[in-house]
Amino acid sequence: MDLRNTWDKWPDANGRFGEFGGRYVAETLMPLVLELEAEYRKARQDPAFAAEMQDLWTHYVGRPSPLYFAERLTGHFGGAKIYFKRDELNHTGAHKINNCLGQVLLARRMGKKRIIAETGAGQHGVATATICARFGLECVVFMGETDVERQKPNVFRMRLLGAKIVPVSSGTGTLKDAMNEALRDWVTNVETTFYCIGTAAGPHPYPEIVRDFQSVIGREARAQILEREGRLPDAVMACIGGGSNAIGLFHPFIDDEGVRLIGVEAAGHGIGTGMHAAALNGGRPGILHGNRTYLLQTEDGQIIDAHSISAGLDYPGIGPEHAFLRDVGRAEYLSCTDDEALAAFQLCTRLEGIIPALEPAHAIARVGEVAKDLGRTGLMILNLCGRGDKDVFSVAKALGVDV
Amino acid sequence: MGRTRIEGAFARARGENRAVLVAYLMAGDPDLETSYAALCALRDNGADIIELGAPFTDPMADGAAIQKAGLRALANGTKLTDVIALAARFREEDQTTPLILMGYANPVHSMGYETFADAASKAGIDGSIIVDLPPEEDAPLRELYTQRGLSVIRLATPTTDEHRAAKVSEGASGFIYFVAVTGVTGAGSADPAAIAGQVAMVKRVSGLPVCVGFGVKSGAQAAEMAKIADGVVVGSAFVEKAGDAHATGRFKAAAPAMGALARELRAAIDSVRKA
């Protein structure tokens, strides 16, 4: 399939990336989902919308984020030159704010005064609460009980920012359950409420909207590497939960056939154990949370709870565009276990003086193999999509250290 | 093809100048044997149409009562194939009462739309309400249903304007399920006066009977809804009876309790004879 010529048509008019995506929502939400799409099309044509976003990206978020040559990590593996796209340096410490900013600006255009969000690691919740504080909007964040417990610093941060946290006890109390509860709230308060979805999933047009807002990562990275190295990279890598940071990095490189797009899923205790969050490597297509995509599910179509040490990757699905990229063979998807991520977390911290979040630590864990595969003349970019401050306590616990 | 069972149920009620009672139960809650007894009790006590809930792990449009019912059904191993088998068992005894399967897309998608349509048709199921398959997404299933005489029952809601009502009506059959409140099942209660105009609009645009549900629990509420619609759907209130049986361990109490509720609701509906 020649993506160079055909890519722009995805998603199609029905919100599909090939066989994936769509709008699988309750009828109550359909008019709103259609209205959101219409409003987004208008906003995209509006120079004032772009200008407001650009201004806040520059002066509030701190974009562009640097492209950093990870010299010691490169030396450690002895292969391709490894660059980090430093999205962990954004305001609030992760890539999530790129998308929150865009969606909240859309919500304001639509006259919605109440913003709801789901969060796993708490990064999307913090970013949403931050933007809501900035614009004086009511913010309600749904978070699984398990995640409230393991991400306490972010819970407090959100409360400081004025957000209301709703702990969700259904299911296993993780991201999937938080998303169910957010959808229930949205159905109930559809007139007043804007649902700010944190990842490149959910019903159309969310996967497209989130991708477009996050594509600032790849656009910057592409320009920066051309300036630094005078050529495109051989590979770009990112971790994948729902896949928003990865699609944001990948998308501007999709037409560059020589650039390998590599995503890394969370393999938890190992894909063979069934205790993982690798929807592409260990799931099959199904329908959940508004879209058709790869899901962890039983033979009978019941959703299986994901497992990952990283709350941000602990989700049984994946954005529909990744499902499509994998099926057409344009992107590769690897996986990484909890233990490998913990080792990579420590390696990066020691060698580069950068404490990564556990999420990008999954990508760091696979970067050595790819770097060796590409060889010393190779060039690659890894998206360091979040910083690890929030994970310090759970890493200490996993390492058996009492802090 | 002659009259469908669903059309028959509405025709009988029309003949008696009354609205139909649509009762919902979650298959497999607290177990399949109890569900079978409940199906019979509902039918014997005046339910005109029965919605058979198929459990799903992530019921995003359901409130606490039906969420818990689904989890109880899943905990004892209820699969979609069991729900279909339960319908088939009921259909052996009863060739009249329409059975509608109500659930979410993934278990049906997982089984395969065609396999499901064949199995449902063979079991004597009359149609389905798949909450997360709006008109934009149900075309593959719709085609299979049409070939087999099954009904695609669509939802209309307080957010449905006349333009959207036309979309919802396209390819719909059986009846339209009007969701009385913006919200999840079992939450809040609707004001019949506030939705009466919209219900009439949906009926005019679709040319189909309209049943109103969500938040209808008591006889008094059912009677009010019966004045403005062709049918009244009650779900969570029945499901709570199964929940009580589960909590006390007295499963045999569930079917009589559900039957008694159906009788009460039906009497209330019958008290509102239409002109």
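Numbers below:
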{"quantity": "Candidate set from the stretch A:159-181 (those that are under 18 Å from the mean Cα position of the chain (by Cα) and more than 9 Å from chain B (Cβ to nearest Cβ)); member that is surrounded by the fewest Cβ atoms within 10 Å (Cβ to Cβ)", "calculated": "A:T174"}
{"quantity": "The stretch B:141-154: number of residues that are in contact with a helix residue (DSSP H, G or I) (Cβ under 6 Å, 6 or more places away or on another chain) and within 14 Å of another protein chain (Cβ to nearest Cβ)", "calculated": "3"}
{"quantity": "Per-region count, the stretch B:43-73, residues more than 9 Å from every other protein chain (Cβ to nearest Cβ) and either touching a Leu at 6+ places or on another chain (Cβ under 8 Å) or more than 20 Å from A:V187 (Cβ to Cβ) (or both)", "calculated": "14"}
{"quantity": "Strands (runs of 3 or more DSSP E) contained entirely in the stretch A:274-338, each with at least 1 residues that are over 16 Å from the mean Cα position of the chain (by Cα), of a type outside the set (D, E, K, R) and within 14 Å of chain B (Cβ to nearest Cβ)", "calculated": "A:284-288, A:290-295"}
{"quantity": "Residues (assigned to a strand (DSSP E or B) and among the charged types (D, E, K, R)) located in the stretch A:105-123", "calculated": "A:R114, A:E118"}
{"quantity": "Matching residues, the stretch A:124-162, being hydrophobic (A, V, I, L, M, F, W, C), within 20 Å of A:V61 (Cβ to Cβ) and either part of a helix (DSSP H, G or I) or in contact with a helix residue (DSSP H, G or I) (Cβ under 6 Å, 6 or more places away or on another chain) (or both)", "calculated": "A:V126, A:A127, A:A129, A:I131, A:C132, A:A133, A:F135, A:C139, A:V141, A:M158, A:L160, A:L161"}
{"quantity": "Helices (runs of 4 or more DSSP H) wholly inside the stretch B:74-140 that include at least 2 residues being surrounded by fewer than 19 Cβ atoms within 10 Å (Cβ to Cβ) and away from chain A (no Cβ under 13 Å)", "calculated": "B:80-93, B:113-123"}
{"quantity": "Qualifying residue in the stretch A:99-118 (condition: within 30 Å of A:Q302 (Cβ to Cβ), more than 17 Å from the chain's Cα centre (by Cα) and not polar (S, T, N, Q))", "calculated": "yes"}
{"quantity": "Search result, residues across the stretch A:196-215 that are buried (at least 24 other Cβ atoms within 10 Å of the Cβ) and either farther than 25 Å from A:L137 by Cβ or among the β-branched types (V, I, T) (or both)", "calculated": "A:I197, A:T199, A:V210"}
{"quantity": "Scan of the stretch A:17-37 for residues that are facing chain B (nearest Cβ under 7 Å) and part of a loop (DSSP other than H, G, I, E, B), ordered by number", "calculated": "A:V25, A:A26"}
{"quantity": "Residues located in the stretch A:339-387, provided they are within 18 Å of the chain's Cα centre (by Cα) and among the acidic types (D, E)", "calculated": "A:E359"}
{"quantity": "Matching option when the condition is more than 30 Å from A:I381 (Cα to Cα), at pLDDT 95 or above and in contact with a Phe, Trp or Tyr (Cβ under 8 Å, 6 or more places away or on another chain), among A:A133, A:A182", "calculated": "A:A182"}
{"quantity": "Enumeration of residues in the stretch A:40-75 that are within 24 Å of A:L382 (Cβ to Cβ), charged (D, E, K, R) and assigned to a loop (DSSP other than H, G, I, E, B)", "calculated": "A:R63"}
{"quantity": "Boolean, B:Y24 is outside any helix (DSSP H, G or I), more than 14 Å from chain A (Cβ to nearest Cβ) and at pLDDT 95 or above", "calculated": "yes"}
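The values are calculated or read from the model by the stated rules, or taken from the named source; none is laboratory data. Please read all numbers here as calculations on a predicted model, not as lab measurements. Glycine also receives a Cβ, built like all others from the backbone with ideal geometry; neighbour counts cover every protein chain displayed.
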